[in-house]
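Chemist: Dumping the structure here so I can ask a few things about it.
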Amino acid sequence: MRRRTTRALIAVFAAMLALVASACGTEGPSAGDDKVIRIGAWYPLTGALASFGIPERAGVDAYFKSVNARGGINGRKIDWIVKDNANDPQQTVQIARRLVDQDGVVAIVATNGTSQSQATFPFVLEQSKVPVLNTLGGDASWYEPARDGLFGLQTLYEDQAAALGAWVARDGAKKVLVVHSDPAAFVNVAKGIRPAAHKTDPSVQVKRLSVKYQTTDYSPVISKVKAEKPDAVVLILAAAEAASYLKEARLQGATAPAYGYAPVAAQTTLTLAGKSAEGLKSLQLVKSPHDDDPAIKEFRTAMAKYERGQPADFITLWGWAAAKAFVEIAKTIDGPVTGESLTRAYENARHIDTGVGPVLNYGAGQHLGTRDVQKVVVRNGRWESQGDFFTPPARD
């Protein structure tokens, strides 16, 4: 009698466990489930750079949510796991280990940060063979030569410098002053202006003016700019510092037209500079979020639906573009979506058009999808696209 009772209790307990397991399965498929594509990312969601991490994450999330609402990628839902790295490379390495070892992601997708992401490469790319796709960040060493499993879509700062040098020269400037912050990341971009300007017009003179990083008082800087009497000024500064430059330039009557690279073309610049930003020219990696074409309208509609309260700006559009490119390429996979199949899909990806960024082309030896940039200008207090994406001159 006791044995029968014990066996009955065991059977009931087993049935209960099965029900619990079944219920859990309806909430989130396991990493090995062929109905889900589990991918991961890290962002600075706290700390000084949260103002970049939070909106970029929102742009990615809005696109993935819209895809899941339409049935996912070839019937597979996207499970995008995001963790806060507070912009810290050491934290990012630990996050990468959790995403790969515990969460079982097949790829790191649409993440943020150059030094943070690079710190994970020995473990993620080399040891675990997990691809890193569409990171916002990077430099030429990431892609020249191509590295296994590493694919990007952000036009490098070196190419942005080449585009700016050619742009100011074609606009007729003969004396160009590059105002840049003093850390190496800014200096390296600033140094690329002169060679490109000379390629376009050998008579152009280019000088550089270094400014201490996070300077708030630009009064002495503008005095030096006026003394140089430039025909054009190129700003290689963070958005807040570019705004400080523009406000002080207006106060002191420094009228040389200003140009900037992608970090300058931000809503923060307009918010802080106000009317002083009118006429500012800059480069961007995507179209203006205020454009009227269908792809931009789709972006604004999805942001309003899935990320209420988060403005539809350049940073959210960066994230949206990275997510959309991933989905378009992943859709071409016939069979299981793995790190290996994603790598093959990227190497075979041609003419990937997100509608909001440049057309992307990859290959076995070409892991950066584009060198193109978009011109934007401030008119009536907002950024407007000028023309279409274009390819800057080749770098030396």
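The values are calculated or read from the model by the stated rules, or taken from the named source; none is laboratory data. What you are looking at is a predicted structure, and each value in this text was computed from that prediction instead of being measured. Every residue, glycine among them, receives a Cβ derived from its backbone with ideal geometry; neighbour counts consider all protein chains shown.
Chemist: For the stretch 350-370, how many residues meet the condition of being surrounded by fewer than 19 Cβ atoms within 10 Å (Cβ to Cβ) and within 26 Å of Leu280 (Cβ to Cβ)?
Modeler: The number of residues fulfilling the criteria is 1.
Chemist: Can you tell me how many residues within the stretch 354-374 are without any contact (Cβ under 8 Å) to a residue 24 or more places away in the chain and touching a Gly at 6+ places or on another chain (Cβ under 8 Å)?
Modeler: The qualifying residues number 1.
One line per residue, one yes/no per condition, for (1) among the hydroxyl-bearing types (Ser, Thr, Tyr); (2) closer than 19 Å to Ala325 by Cα:
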site: Val106; (1), (2): no, yes
site: Ala110; (1), (2): no, yes
site: Ser115; (1), (2): yes, no
site: Phe123; (1), (2): no, no
site: Phe186; (1), (2): no, no
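Chemist: Please determine whether any residue of the stretch 12-21 is loosely packed, with under 10 Cβ neighbours inside 10 Å, closer than 30 Å to Thr269 by Cβ and modelled with pLDDT under 95.
Modeler: No - not one qualifying residue is present in the stretch 12-21.
Chemist: Let me ask something else. Kindly provide the set of residues from the stretch 94-117 that are in contact with a Pro (Cβ under 9 Å, 6 or more places away or on another chain), surrounded by fewer than 24 Cβ atoms within 10 Å (Cβ to Cβ) and modelled with pLDDT of 95 or more, ordered by number.
Modeler: Matches in the stretch 94-117: Val106 only.
This table checks each residue for (1) without any contact (Cβ under 8 Å) to a residue 60 or more places away in the chain; (2) over 23 Å from Trp142 (Cα atoms); (3) in contact with an Asp or Glu (Cβ under 6 Å, 6 or more places away or on another chain).
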| site | (1), (2), (3) |
| --- | --- |
| Pro336 | no, yes, no |
| Ala345 | yes, no, no |
| Ile352 | yes, no, yes |
| Val376 | no, yes, no |
| Gly381 | no, yes, no |
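Each row is one residue, and each column tells you yes or no for (1) in contact (Cβ under 8 Å) with a residue 24 or more places away in the chain; (2) surrounded by fewer than 24 Cβ atoms within 10 Å (Cβ to Cβ); (3) under 25 Å from Gly152 (Cα atoms); (4) within 20 Å of the chain's Cα centre (by Cα).
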residue	(1), (2), (3), (4)
Glu228	yes, yes, no, no
Asp231	yes, yes, no, no
Ile236	yes, no, yes, yes
Ala240	yes, yes, no, yes
Leu246	yes, no, no, no
Tyr259	yes, no, no, no
Ala265	yes, no, yes, yes
Ser282	yes, no, yes, yes
Thr301	no, yes, no, no
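Chemist: If you don't mind, another one. Kindly list the number of the only condition in (1) surrounded by fewer than 18 Cβ atoms within 10 Å (Cβ to Cβ); (2) β-branched (Val, Ile, Thr); (3) in contact with a Phe, Trp or Tyr (Cβ under 8 Å, 6 or more places away or on another chain) that fails for Ile315.
Modeler: Ile315 satisfies every listed condition except (1).
Chemist: Restrict the check to the stretch 94-101 and report whether at least one residue is in the same structural domain as Thr316 (by TED's automatic domain parsing), over 28 Å from Glu158 (Cα atoms) and in a strand (DSSP E or B).
Modeler: Within the stretch 94-101 (the criterion being in the same structural domain as Thr316 (by TED's automatic domain parsing), over 28 Å from Glu158 (Cα atoms) and in a strand (DSSP E or B)), the answer is no, since none of the residues qualifies.
Chemist: Same structure again: Which is crowded, with 22+ Cβ neighbours inside 10 Å and within 30 Å of the chain's Cα centre (by Cα), of Ala166, Ala196?
Modeler: It is Ala196.
Chemist: I'd like to know if the stretch 205-223 contains one or more residues that are in contact with a Ser or Thr (Cβ under 8 Å, 6 or more places away or on another chain), of a type outside the set (S, T, N, Q), closer than 24 Å to Trp318 by Cβ and touching a residue at least 60 places away in the same chain (Cβ under 8 Å).
Modeler: No, there is no match, as no residue in the stretch 205-223 is in contact with a Ser or Thr (Cβ under 8 Å, 6 or more places away or on another chain), of a type outside the set (S, T, N, Q), closer than 24 Å to Trp318 by Cβ and touching a residue at least 60 places away in the same chain (Cβ under 8 Å).
Table: residues versus (1) outside the structural domain of Ala256 (by TED's automatic domain parsing); (2) under 22 Å from Gln374 (Cβ atoms); (3) not in a helix (DSSP H, G or I).
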{"site": "Phe123", "(1), (2), (3)": "yes, no, no"}
{"site": "Ser141", "(1), (2), (3)": "yes, no, no"}
{"site": "Ala146", "(1), (2), (3)": "yes, no, yes"}
{"site": "Ala169", "(1), (2), (3)": "no, yes, no"}
{"site": "Ala190", "(1), (2), (3)": "no, yes, no"}
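Chemist: A follow-up question, please. Which members of the stretch 118-147 meet the condition of being under 19 Å from Val337 (Cα atoms) and in contact with a Pro (Cβ under 9 Å, 6 or more places away or on another chain)?
Modeler: Within the stretch 118-147, Val124, Leu125 qualify.
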